[in-house]
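The values are calculated or read from the model by the stated rules, or taken from the named source; none is laboratory data. Here the structure is a predicted model, which is why all the values come from computation and not from measurement. Glycine also receives a Cβ, built like all others from the backbone with ideal geometry; neighbour counts cover every protein chain displayed.
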Amino acid sequence: MQDSYYGPDDVRHWVVPPLEEFNAFDADRALELYNERFANPGEFLFVFVGDADIEELIGLSNSYIGSLGGTRSREGFIDHQPLPTGAQVTTVKAGRTTRDWCSSSSRTI
């Protein structure tokens, strides 16, 4: 059903990647990407939730978050694989008789 909904090559919806993907994993490249994404905290949005003294929170934020550094540069985003459009219906029949059959349909908005 997943292949009929997203297509067989849509990597965004893999439950478990295929063995070829595990074998192709490059830990050095993963670390490089991690460092690129988290090197500039100037883009981060910090959210504080809970019962806190505002003045103390401001002081701690200035001390810890303010010392992280960062730049005003912004990273862009391009979605190279947009979600499919239109309705896609898949019927799954299971059971010995029509009374036992079940069907499942999925739609894309």
Exercise. Which pairs have Cβ atoms under 9 Å, sit 6 or more apart or on different chains, and link a residue in the stretch 46-63 that is hydroxyl-bearing (Ser, Thr, Tyr) to one that is outside any helix (DSSP H, G or I) and modelled with pLDDT under 90?
Worked result: 61/46; 61/48
Exercise. How many residues, within the stretch 10-36, are out of contact with any helix residue (DSSP H, G or I) (no Cβ under 9 Å at 6 or more places or on another chain), part of a helix (DSSP H, G or I) and of a type outside the set (Phe, Trp, Tyr)?
Worked result: 12
